Amino acid sequence: MTKDECKKLVLDIIADIAPDEDLSNVKPDVRLRDQLQLDSMDFLDIVMELRKRHGIEVPEADYLKLASLDSSAEYLVPKFAALGK
Amino acid sequence: MSAESPQPWDVVIIGGGLSGLAAGIRCAQFFKRVVIVEAHSKLGGLNSYYHKLDRRHLFSNGLHTVTNFRPTSRRWGRDLVMRNLGMSWDEFEIRPPRYPSRISLPGVTLAFDNDPRVLEESVAARFPSEIDGFRRLCAVVEKESVVLQASHADCFEFLRSFIASPELVAALALPILCYGAHQEGTIDSRLFSILFRSLLIEGCGSPVDIKSMLDRLQTRFRSLGGELLTRSPIASLTVDGGRVRAATLADGRVIEGVRFLSSAGLSETGKLCGSQWGKPGTISVFQWIGAYDRPLEQFGIRDTLHFAASRVDYTWRIPGDRVFSDLITYSANDNYAFPQPGHAHFKISCFSHASEWSLADRDAYAAQKRRYADELLRITYGYYPELSQARPLVEDLFSPLTVERYTHHPGGTIYGGAEKTWDGRTALQNLFIIGNDQGGVGIMGAMTSGVLVSNLQVILSKAG
Ligand SMILES: Cc1cc2nc3c(=O)[nH]c(=O)nc-3n(C[C@H](O)[C@H](O)[C@H](O)COP(=O)(O)OP(=O)(O)OC[C@H]3O[C@@H](n4cnc5c(N)ncnc54)[C@H](O)[C@@H]3O)c2cc1C
């Protein structure tokens, strides 16, 4: 799984949990909360969906790593690699 | 996995009512070992069920209605709860009403339904000069209701800041007070906003009975690996260095945990810890349920819910030692659009204090229940004359003492204590309050409370 693919799958999840958000101009290096109407509970949904859809476990201590698309990709690439994806 | 296994539970939930079940489901999505500990054999707490007549005839003791029928925001009400539970609303088979609901006071009748325009039009027709204020009220209610804290403003003052007519203020307050006012006099304007939005703006529905809803929640909880202990009253919580370490059951079993969520009530939970917290509530209920062999509409009952006051200048207080018949709530269980006709149960409730009742003399207790019921029925025939000709298959009466006995809430309080915790926190670091005493009133309110407190205080925080 490449970084771009990881960003895409995070965006796919956000599109499902926040269908009203316009995701066409999300800046990868800016915190998602600062550009979208997402609150801390929405991040819990992202965590749940990563587990459900991709078998990725994000322990609580790592929640902050999902702050932006860039940091999410950075964090998820090795996780997918460890799963052989 | 047994309850006594040496490893502590990640989350221990006290109570298998709607807030406990919702919290259990939410926590079980994030933690491996979650246990719900319920005193009774059945789940549901204040919204439970029993059988009468025969084994197939099920009565839901509460369940007048399930609020928040229409989703209006993904962060609130029905969508918030369903998304957090990972369940779909359709699973619960909640049907909308077939008849509108009614608010009635002498000289004032308003209708409301799942389409908010019904109430709006009804206000416009009776109080044309108030309609702008009413619309502003609805807009503000939506903003107020999303904040998870108390505002301390009196709901009557809040209403009067939009509406001049005392009759309209009384009419709009009536269903909200009956549906969830936990203390006499008045309630906080934020709690008022939450209930107003849930009931009057988003509308209502009902499953056939509460058991079907509880069964689905239980199945979901178990499918996530959650453990459920029934017939397991907790006798005390062991506190150690500002934290709860374990719960001890009445039979001596010890359940150790890292985090605790309690739906037993704030003052009740304090007692379990050997402390005095909050302020016990006083609002309880007397209810008459009649089961009929024909649809209720055939007796001229064409309301789904009906909130009735005998005077426009009613006060939200329970007068001691007499039937609190100033304010009555009616619910016609079969006036929802079920695919098959449901049981025709008509419920009449008024508010009451446990202190008015005593079990010391069984005959006197039975006679007092009869007296209350007759008084309620007498008033009811004024609204529904045809009902006086109908014989119910069976009647059931319950008093505040019945509620107390089955829910463990002292005084049989149905909306919790007089103090709410709002953020769910207690004096102990790893113990949180969910349900009525966090501010989550009603079926949907209790479930919202279970998921929000789990998210904010348990899953997202470092508690534990
Ligand atoms: C007559 C009546 C009608 C109602 N009608 C409606 C309605 O139409 N619509 C609606 O939305 N709501 C209704 N309610 C709502 C209800 O008032 C609540 O707001 C809601 O059900 C509260 O849920 P809860 O989880 O907070 O608390 P509870 O339901 O009280 O759950 C607490 C649970 O904890 C258990 N418990 C307590 N102490 C202990 C202990 N020490 N150890 C183990 N377990 C313990 C209790 O047995 C109970 O099961 C009605 C209630 C009543 C009584």
Next item on the list: Give the angle, between 0 and 90 degrees and rounded to the nearest 10, that separates the Cα long axis of helix B:442-453 from the longest principal axis of the Cα atoms of chain B.
Entry: 30 degrees
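Nearest 5 percent is fine: what portion of the DSSP beta bridges confined to chain B is antiparallel?
On the way: 47 of 66 bridges.
The antiparallel fraction comes to roughly 70 percent.
Using per-residue counts of other Cβ atoms within 10 Å, averaged over each peptide, order B:301-312, B:437-448 from highest down.
So the order, starting with the most tightly packed, is B:437-448, B:301-312.
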Note to self: Rounded to the nearest percent, how much of the accessible area of segment B:129-213 (1.4 Å probe, protein heavy atoms only) is carbon and sulfur?
What the structure shows: 54 percent
Check: Roughly how many Å² is the accessible area per residue of chain A, as a whole number, for a 1.4 Å probe?
Finding: 53 Å²
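Relative to the Cα centre, what is the charge dipole magnitude of the protein assembly as shown, using +1 at the beta carbon of each Lys and Arg, -1 at the beta carbon of each Asp and Glu, and rounding to the nearest 20 debye? Walk me through the numbers before you get to the answer.
Working: 62 positive and 66 negative charges, 176 e Å.
About 840 debye.
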Checklist line | Protein-protein interface of segment B:15-59, residues with accessible area decrease of at least 30 Å², isolated chain reference, 1.4 Å probe | finding: B:R26, B:Q29, B:F30
Check: So for segment A:3-82, taking the charge dipole from beta-carbon charges (+1 Lys/Arg, -1 Asp/Glu), which of A:P28, A:V77, A:M41 sits furthest toward the positive end?
Finding: A:V77
Check: So how many Å³ per residue does the convex hull of the Cα atoms of chain B work out to?
Finding: 138 Å³
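Counting only heavy atoms of protein chains, what accessible area per residue, in Å², does segment B:282-407 have with a probe of 1.4 Å? Before the final figure, lay out the partial values.
Working: 5370 Å² over 126 residues.
Averaged over the residues of segment B:282-407, the accessible area is 43 Å².
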Notebook entry, point to check: Taking the Cβ of B:S129 as the center, what net charge do the other residues with Cβ under 14 Å away carry, scoring Lys and Arg +1 and Asp and Glu -1?
Noted result: 0
Item checked: Peptides ranked, highest mean first, by Cβ atoms within 10 Å: ranges B:31-40, B:196-205 -> B:196-205, B:31-40
Checklist line | Reduction of at least 50 Å² in accessible surface, 1.4 Å probe, comparing all protein chains with the chain by itself, residues of segment A:42-61 | finding: A:L44, A:D45, A:M48, A:E60
Item checked: Formal net charge of residues neighbouring B:Y383 (Cβ-Cβ distance under 10 Å; K, R +1; D, E -1) -> 0
Next item on the list: Quick one: work out the % antiparallel among DSSP beta bridges in the protein assembly as shown, nearest 5.
Entry: 70 percent
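Round to a whole number: what % of the accessible area of segment A:3-82 belongs to carbon and sulfur, probe 1.4 Å? The partial results should precede the final answer.
Details: 2070 of 4120 Å².
Result for segment A:3-82: 50 percent of the exposed heavy-atom area is carbon or sulfur.
For segment A:1-75, rounded, prolate or oblate, judged on the Cα gyration tensor with a ≥ b ≥ c (square roots of eigenvalues), a/c < 1.5 rounded, else prolate if a/b > b/c?
Details: a/c = 1.31, a/b = 1.20, b/c = 1.10.
It comes out rounded by the Cα gyration axes.
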Margin query: Under the rule of at least 5 residues apart or a separate chain, name every residue whose amide H is placed under 5 Å from the amide H of B:S151.
Written below: B:S189, B:R190, B:L191
Item checked: Karplus-derived HN-Hα couplings along segment B:276-282 (A = 6.51, B = -1.76, C = 1.60, θ = phi - 60°), whole Hz, x at Gly and Pro -> 10, 10, x, 9, x, x, 10
Next item on the list: Work out which residues of segment B:434-464 lose at minimum 20 square angstrom of accessible surface when the other protein chains are put back, relative to the chain isolated, with a 1.4 angstrom probe, and list them by number.
Entry: B:N455, B:L456, B:I459, B:L460, B:K462
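Is segment B:19-112 best put as rounded, prolate or oblate by its Cα gyration tensor, with a ≥ b ≥ c the root eigenvalues, rounded for a/c under 1.5, and otherwise prolate when a/b is larger than b/c, oblate when not? Please report the intermediate quantities before stating the final value.
Numbers: a/c = 2.37, a/b = 1.31, b/c = 1.80.
Oblate.
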Checklist line | Lys pairs under 15 Å by Cα in segment A:3-82, provided they are eight or more residues apart or on distinct chains | finding: 9
Next item on the list: List, in order, the whole-Hz ³J(HN,Hα) value for each residue of segment A:38-43 obtained from phi through the Karplus relation with A = 6.51, B = -1.76, C = 1.60 and θ = phi - 60°; use x for Gly and Pro.
Entry: 10, 10, 4, 6, 5, 5
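How big is the B-A contact in terms of buried accessible area, both chains counted, 1.4 Å probe, rounded to the nearest 100 Å²?
Working: alone 18340 and 5200 Å², together 22210 Å².
Using a 1.4 Å probe, the pair buries roughly 1300 Å².
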Next item on the list: Leaving ligands, DNA and RNA out of it, report the carbon-plus-sulfur percent of the accessible area of segment B:282-407 at a 1.4 Å probe.
Entry: 49 percent
Item checked: Accessible heavy-atom area order of B:E356, B:E256, highest first, probe of 1.4 Å -> B:E256, B:E356
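Add -39500 (n - 2.57) for each DSSP H run of 4 or more in chain B, then divide by its residues: what number comes out at 222 nm, to the nearest 500 deg cm²/dmol? Before the final figure, lay out the partial values.
Numbers: 12 runs with 136 residues, N = 464.
Result for chain B, helices only: -9000 deg cm²/dmol.
What shape does segment B:282-407 take by its C-alpha gyration tensor, where a ≥ b ≥ c are the square roots of the eigenvalues and a/c under 1.5 counts as rounded, a/b above b/c as prolate, and the rest as oblate?
Numbers: a/c = 1.86, a/b = 1.46, b/c = 1.27.
Prolate, since a/c reaches 1.5 and a/b exceeds b/c.
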Check: What residues have an amide H closer than 5 Å to that of B:G17, excluding those fewer than 5 places away on the same chain, when H is modeled at 1.01 Å from N in the peptide plane?
Finding: B:G44
Item checked: Nonlocal amide H pairs with B:W9, under 5 Å, H built at 1.01 Å -> B:E256, B:G257, B:V258
Next item on the list: Pull up the cross-link candidates among the lysines for B:K42, meaning alpha carbon to alpha carbon under 19 Å and not fewer than 8 places away within one chain.
Entry: B:K52, B:K211
Notebook entry, point to check: Got a sec? Charge dipole of segment B:237-339, +1 on Cβ for Lys and Arg, -1 for Asp and Glu; which of B:A309, B:F338, B:G290 is way out at the positive end?
Noted result: B:A309
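The values are calculated or read from the model by the stated rules, or taken from the named source; none is laboratory data. As the structure is a prediction and not an experimental result, all values here were calculated from the model. Please note: Cβ atoms are built from the backbone with ideal geometry, for glycine as well, and neighbour counts cover all protein chains shown. Heavy atoms of the whole protein, side chains included, go into the accessibility calculation; ligands, DNA and RNA do not. Shrake-Rupley method; radii C 1.70, N 1.55, O 1.52, S 1.80 Å.
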